[in-house]
Amino acid sequence: MKTINLLNKCDLNVLNNYKVILNTDYIFIPIKNEDKIVVKKGDKVLKGTLVYGDIDKLYSSISGIVLDVINLNNYKYLIIKNDFKELTNNTRARDLNSMSKDDFLSYLNNNNFKNIINNNIDNLYINAIDNDPYIYNKYMYLKNNIKDIAILCKYLKKNFNIENIKIAIKNSYHELLGEYKVDLKYVRVPDIYPVGNNDILSKYLISSSNDYIIELKDIIDVLYEVIKNKKEHEKYITINGNNVKNPSVISVKKYSYLNNILSNYTLLDNEYDIILNNSLCGLVVNPKNIIVTDDIDGVIINKKCKYKTSKCSKCGLCVNVCPMKINPLIKNKKCIKCGLCNFVCPSKINIVDEVQR
Amino acid sequence: MSGHLKSKLTNSKIILLYYLIILILTGYATYKNGIILYQKNLINLIGIFKPLLLVLSGIIITYLINYIYINVIKKDKYDYKEDYTPLFIALITLTLPLNISFILYLVIIILSNILKLFYNIEFINYYNLIKILFILILLIIGKYSYLTLYDTNIETNFSTLDLFLGRGFGGIATGNILLLIICYLIMLFNEAYKKEIPIIAIASYIITLVIFDLLFKNSVVLDIKNLITNGFIFGCLFIATIPMYSPIKYKEKVIYSILIGIISFVINKIFNIYDGIYFAIIITNIIIIGYELLERRIINEHK
């Protein structure tokens, strides 16, 4: 299996700054079908109010007034103006100690977790490895929720007969977590890319058919659904890159306008690209067209690359480095779009965009 | 270009490393085929620089032709830093016999460069074809000989060590195995270098050689001496590994290398051709194309 230590190759710094930017004036809820909107213009909504009820149910992440539906870059959004009162339907947190297994399952909505928890599990690994060298969301989720995760893991071990629950973390997280490492078991994985991908991580950790890997985000969902008994209205995203003076992981309201969030950051150079989610092959976007939804994990602001693209020299480095052992120069469904082929290409060709996407 | 994270490896860095190799080999060629011959009063002062002049003129002519074609005819911008062509022309030059006529060399280099611009041969090693063209023309005009004035004037009986250190005859810079090993070690710093190819090809050649000699009760030492002098190792190191014309998948690289080893030995032994490696590369290129087509057909049938 081929992986690369990007921290060494690119002189990246490990990120340990955390900020909260929740003061958005408006939120923009993505709407596919206007008929499915369940609120009207002028309605007052509370935090957690259902505003859109299609297959995916969308809830307001702020309290405020419903304004209108607008078009932004060919997508429709419902705008809600923030009243900054954070009004919400009061729901009580549940006590896990007195919760039966059946009750636990009845509160559960997360399908990934449901599918795994009903199996006979020897080892359950929680994937807390961010799948990009610039992104540190999972690390920050882990750090900020570690006590709740420890309680949940203890409950799961006891009630679902799981022999071991271990949190898979990068070596660099181990040092950063320090005092936060309460009584949880960890398995440390080298700082190599793309080990945060479940398929790749499973090759490191899974030794029997009774071993499973679950994403940290699914565990956080379970925490909110079962214990905290409320919707998660904030989202962690990492703002990082070689053109950002003060990179950090931030907690923002879901459906915030990215351009407003970025106004809190000082940029070093005027010639830059804003890349979503993956610093090796993510989409280059205009922040004026982007709303922070569940799909967005990181915004990488990098100086424009000085290299020119030239004709493929067929050196085969992209084939050598591919963790899925495919030829990235031929379109293949197995491609996980990790971007390692882009990274190593001496001709600086964006192979993922040109061939796989 | 977009701000995606990129490795620091660029084509120009790879090309620079190749030029370092060319510099080392040309230096050696100038010493062996220039200074030594001058000391023995076999050539004049200008003759010392013949290897250097051949290599330099090959590089400059190639750059000029590409510059004129891209900048003047196609009205585009020629990026000389990313152009591999002059580099491989220089490597081919280093495999030629020293006694090649300068004019003939220039004519073939100019013609082959012009042809390359108009006929984009993707699967057959074009630089290898240029080498074969040189061999055929030299054979036709009766000048195909790797013996220098020194070799023809002085009776020599080289030991294997002498040959290993490049004292025997051969192409301009193909004979010194010790230097080639050093060059190979330098090339290992080039991440894009297909380092498996020379190792597997040489191993395959030696295995074939041993089996053949055991079967036919020939002298293994004599064939090893031939292996050292016949330019096979240089060809494996630099011509068989030209990225544009060698396979990229590991399995294909192994098949390609094994075939080059076996076919080179067969050609060298049976047809008694000094430059068997270059014919072997062409034959193997054709076999690999056939293999790839077959593989694609099987995959398509399974789909």
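The values are calculated or read from the model by the stated rules, or taken from the named source; none is laboratory data. Just so it is clear, the structure is predicted and the values come from calculations on it, not from any experiment. With ideal geometry, Cβ positions are generated from the backbone for all residues, glycine too; neighbour counts draw on all protein chains shown.
Please give the number of the condition A:PHE84 fails out of (1) surrounded by 11 or more Cβ atoms within 10 Å (Cβ to Cβ); (2) free of Cβ contacts under 8 Å to residues at least 24 places away in the same chain; (3) on the phi > 0 side of the Ramachandran plot.
If we test A:PHE84 against (1) surrounded by 11 or more Cβ atoms within 10 Å (Cβ to Cβ); (2) free of Cβ contacts under 8 Å to residues at least 24 places away in the same chain; (3) on the phi > 0 side of the Ramachandran plot, just (2) comes out false.
Looking at segment B:180-226 only, could you name the residues that are assigned to a helix (DSSP H, G or I), of a type in the set (A, V, I, L, M, F, W, C) and surrounded by 19 or more Cβ atoms within 10 Å (Cβ to Cβ)?
Across segment B:180-226, the qualifying residues are B:LEU180, B:CYS183, B:MET187, B:ILE197, B:ILE200, B:ALA201, B:ILE202, B:LEU209.
When segment A:2-39 is examined, which residues are found to be under 25 Å from A:ILE192 (Cβ atoms), assigned to a loop (DSSP other than H, G, I, E, B) and either in contact with a strand residue (DSSP E or B) (Cβ under 8 Å, 6 or more places away or on another chain) or at pLDDT 90 or above (or both)?
Once the filter is applied, which keeps residues that are under 25 Å from A:ILE192 (Cβ atoms), assigned to a loop (DSSP other than H, G, I, E, B) and either in contact with a strand residue (DSSP E or B) (Cβ under 8 Å, 6 or more places away or on another chain) or at pLDDT 90 or above (or both), segment A:2-39 yields A:THR3, A:ASN5, A:LEU15, A:ASN17.
Only one of B:ILE248, B:ILE258, B:ILE197 is at pLDDT 95 or above, within 14 Å of chain A (Cβ to nearest Cβ) and either closer than 25 Å to B:ASN176 by Cα or in contact with a helix residue (DSSP H, G or I) (Cβ under 6 Å, 6 or more places away or on another chain) (or both). Can you tell me which?
Of B:ILE248, B:ILE258, B:ILE197, the one residue that is at pLDDT 95 or above, within 14 Å of chain A (Cβ to nearest Cβ) and either closer than 25 Å to B:ASN176 by Cα or in contact with a helix residue (DSSP H, G or I) (Cβ under 6 Å, 6 or more places away or on another chain) (or both) is B:ILE197.
The rows are residues; the columns are (1) buried (at least 21 other Cβ atoms within 10 Å of the Cβ); (2) outside the structural domain of B:LEU147 (by TED's automatic domain parsing); (3) over 18 Å from B:GLY171 (Cα atoms).
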| site | (1), (2), (3) |
| --- | --- |
| B:GLY3 | yes, yes, yes |
| B:ILE21 | yes, no, no |
| B:GLN39 | no, no, yes |
| B:ILE48 | no, no, no |
| B:LEU53 | no, no, no |
| B:LEU56 | no, no, no |
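Give the residues of segment A:270-327 that are within 7 Å of chain B (Cβ to nearest Cβ) and of a type in the set (S, T, N, Q), sorted by residue number.
A:SER279, A:ASN302, A:THR309, A:SER310, A:SER313, A:ASN327, listed by residue number.
For a quick check of your reading of the model, give me the residue pairs whose first member lies in segment B:207-219 and is in the same structural domain as B:ILE263 (by TED's automatic domain parsing) and farther than 22 Å from B:ILE260 by Cβ, whose second is in a helix (DSSP H, G or I) and not aromatic (Phe, Trp, Tyr), with beta-carbon atoms closer than 8 Å and at least 6 apart or on different chains.
B:SER219/B:ASP213
Just to check your reading of the model, which residue among B:GLY27, B:GLY3 is over 20 Å from B:ASN190 (Cα atoms), away from chain A (no Cβ under 12 Å) and free of Cβ contacts under 8 Å to residues at least 40 places away in the same chain?
The match here is B:GLY27.
Would you pick out the residues in segment A:90-124 that are among the charged types (D, E, K, R), at pLDDT 85 or above and assigned to a loop (DSSP other than H, G, I, E, B)?
A:ARG94, A:ASP95, A:ASP122
Does segment A:229-269 hold any residues that are closer than 17 Å to A:ASP148 by Cα and more than 20 Å from the chain's Cα centre (by Cα), and which are they?
A:ASN229 - this is the single residue of segment A:229-269 that is closer than 17 Å to A:ASP148 by Cα and more than 20 Å from the chain's Cα centre (by Cα).
Answer yes or no: is there a residue in segment B:253-273 that is among the β-branched types (Val, Ile, Thr), within 13 Å of the chain's Cα centre (by Cα) and under 28 Å from A:PRO323 (Cβ atoms).
no
Looking at segment B:62-75, can you tell me whether even one residue there is more than 14 Å from chain A (Cβ to nearest Cβ), surrounded by fewer than 19 Cβ atoms within 10 Å (Cβ to Cβ), touching a Lys or Arg at 6+ places or on another chain (Cβ under 8 Å) and part of a helix (DSSP H, G or I)?
Within segment B:62-75, one or more residues are more than 14 Å from chain A (Cβ to nearest Cβ), surrounded by fewer than 19 Cβ atoms within 10 Å (Cβ to Cβ), touching a Lys or Arg at 6+ places or on another chain (Cβ under 8 Å) and part of a helix (DSSP H, G or I).
Of everything in segment A:40-55 that's basic (Lys, Arg) and assigned to a strand (DSSP E or B), which residue is farthest from A:LYS230 (Cα to Cα)?
Checked segment A:40-55; the qualifying residue farthest from A:LYS230 (Cα to Cα) is A:LYS44.
What pairs come up if the first residue lies in segment A:166-187 and is in contact (Cβ under 8 Å) with a residue 24 or more places away in the chain and in a helix (DSSP H, G or I), the second is crowded, with 16+ Cβ neighbours inside 10 Å and of a type in the set (Asp, Glu), and their beta carbons are under 8 Å apart, counting only those six or more places apart or on different chains?
Pairs that qualify, where the first residue is in contact (Cβ under 8 Å) with a residue 24 or more places away in the chain and in a helix (DSSP H, G or I) and the partner is crowded, with 16+ Cβ neighbours inside 10 Å and of a type in the set (Asp, Glu), are A:SER172/A:ASP191.
Cβ contacts < 6 Å: first residue farther than 28 Å from A:LYS158 by Cα and within 14 Å of another protein chain (Cβ to nearest Cβ), restricted to segment A:120-134; second residue polar (S, T, N, Q) and assigned to a loop (DSSP other than H, G, I, E, B), any location; separation 6+ or different chain. Result?
Between residues of segment A:120-134 that are farther than 28 Å from A:LYS158 by Cα and within 14 Å of another protein chain (Cβ to nearest Cβ) and residues that are polar (S, T, N, Q) and assigned to a loop (DSSP other than H, G, I, E, B), the close pairs are A:ASN131/A:ASN197; A:ASP132/A:ASN278; A:ASP132/A:SER279; A:TYR134/A:SER279.
From the list A:ILE116, A:ILE65, A:ILE79, pick out the single residue that is more than 30 Å from A:CYS153 (Cα to Cα), out of contact with any Cys (no Cβ under 8 Å at 6 or more places or on another chain) and crowded, with 16+ Cβ neighbours inside 10 Å.
None of the others qualify; the one that does is A:ILE79.
Test B:ILE260 against the criterion of being buried (at least 16 other Cβ atoms within 10 Å of the Cβ), touching a residue at least 40 places away in the same chain (Cβ under 8 Å) and out of contact with any Leu (no Cβ under 6 Å at 6 or more places or on another chain), and give yes or no.
yes
I need the full set of residues from segment A:22-58 which are more than 18 Å from A:ILE290 (Cβ to Cβ) and either among the β-branched types (Val, Ile, Thr) or not assigned by TED's automatic domain parsing to the domain that holds A:VAL249 (or both), in order please.
A:ILE37, A:VAL38, A:VAL39, A:VAL45, A:THR49, A:VAL51, A:ILE55
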